[in-house]
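Everything on this sheet refers to the single structure shown next.
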Amino acid sequence: MLDLFSDEAPWAEPLAEGAVILRRLVRDEGEALLKSVFAIAAQNPFHHRITPGGHRMSVAMTNCGDLGWSTDSRGYQYSEHDTATGHQWPPMPDSFRALATSAAAQAGFAGFNPDACLINRYEPGAKLTLHQDKDEKDLRQPIVSVSLGLPAVFQFGGFDRADATQRVLLEHGDVVVWGGPSRLRFHGIMPLKPGIHPLAGPYRYNITFRRAL
Ligand code: MD3
Ligand code: FE
């Protein structure tokens, strides 16, 4: 269990019921995690997807694991193949799965076993507008998110798009677990500020672990 009163990494920052930031939880593993991200991207390159509405997303994406999330003219979906290339997704590294299960357990969600891992890459200016994640079958399962590289301002709101939002900075090594009543909160990422991160260069990477089916 985390010591909530320690001032050394990692420390837990509750955001809302069911949502907690585990600050710097994977800071020391950051370089190894990024190496795995680059290996996955070497097999299935980052790709700016086109939304069903015809817009090119500013965030570039790839996936690993049994299922991957993508979007095309038919809509948003999880599938065993990249709809852009027809290729199967590379397997989820054991280190990824272990980290997701352990972070979820630390946040009170025992037995989390992700089957999908979406990797987002942000370049300067890239953003994610407020949205809900509800393409997964069992919304009682949490989502675990890992931030690497450049920092970004994360926005989270309520259960209605128009609800007031709070802003928090997510930095290299931060892990956020979203479950319980927070699972359906609207959330997004403000446009990335340019910078150079020693391990990630001009990018921010975000890895989300999900139970899709
Ligand atoms: C709150 N990614 O991929 S991670 C996404 O930083 C996504 O790339 C953002 O939103 C990113 O869908 C945010 C934090 C996060 C992930 C999933 C959530 C927050 C969430 C699901 C429900 C509520
Ligand atoms: Fe999301």
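The values are calculated or read from the model by the stated rules, or taken from the named source; none is laboratory data. All values reported here derive from a predicted model rather than from experimental measurement. FYI the Cβ positions are ideal-geometry reconstructions off the backbone, even for glycines, and counts take in every protein chain you see. Keep in mind that these areas ignore ligands, DNA and RNA; they rest on the heavy atoms of the full protein, side chains included. Shrake-Rupley method; radii C 1.70, N 1.55, O 1.52, S 1.80 Å.
Tell me yes or no: at least one residue of the stretch 124-134 is out of contact with any strand residue (DSSP E or B) (no Cβ under 6 Å at 6 or more places or on another chain) and of a type in the set (S, T, N, Q). Yes, because at least one residue in the stretch 124-134 is out of contact with any strand residue (DSSP E or B) (no Cβ under 6 Å at 6 or more places or on another chain) and of a type in the set (S, T, N, Q).
Hey, any hits in the stretch 66-76 for a residue that's open to solvent by 50 Å² or more (accessible area, probe 1.4 Å), within 16 Å of ligand 2 (Cβ to nearest atom) and under 27 Å from PRO191 (Cβ atoms)? Steps first, answer last, please.
So the first thing to find is which residues in the stretch 66-76 are open to solvent by 50 Å² or more (accessible area, probe 1.4 Å), and the list is 66, 73-74, 76.
Narrowing further to those that are within 16 Å of ligand 2 (Cβ to nearest atom): 76.
Subset that is under 27 Å from PRO191 (Cβ atoms): 76.
Scanning the stretch 66-76, I find at least one residue that is open to solvent by 50 Å² or more (accessible area, probe 1.4 Å), within 16 Å of ligand 2 (Cβ to nearest atom) and under 27 Å from PRO191 (Cβ atoms), so the answer is yes.
Among the residues of the stretch 142-157, the ones that are open to solvent by 10 Å² or more (accessible area, probe 1.4 Å) and away from ligand 2 (no atom under 14 Å from the Cβ) come to 3 in all.
Let's see how each residue does on (1) near ligand 1 (Cβ under 10 Å from one of its atoms); (2) among the basic types (Lys, Arg); (3) touching a residue at least 40 places away in the same chain (Cβ under 8 Å):
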residue	(1), (2), (3)
ASP133	yes, no, yes
LEU139	yes, no, yes
SER145	yes, no, yes
LEU150	no, no, yes
PHE186	yes, no, yes
MET190	no, no, yes
LYS193	no, yes, yes
TYR203	no, no, yes
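For the stretch 81-122, how many residues meet the condition of being surrounded by fewer than 17 Cβ atoms within 10 Å (Cβ to Cβ), assigned to a loop (DSSP other than H, G, I, E, B) and modelled with pLDDT of 95 or more? The number of residues fulfilling the criteria is 5.
Among the residues of the stretch 126-137 satisfying the criterion of being open to solvent by less than 40 Å² (accessible area, probe 1.4 Å) and part of a loop (DSSP other than H, G, I, E, B), which is farthest from ligand 2 (Cβ to nearest atom)? Spell out the reasoning first.
Of the residues in the stretch 126-137, the ones open to solvent by less than 40 Å² (accessible area, probe 1.4 Å) are 126, 128, 130, 133, 136.
Filter again for part of a loop (DSSP other than H, G, I, E, B), leaving 126, 133, 136.
On the way: ALA126: 14, ASP133: 4, GLU136: 11 Å.
The extreme case among them is ALA126.
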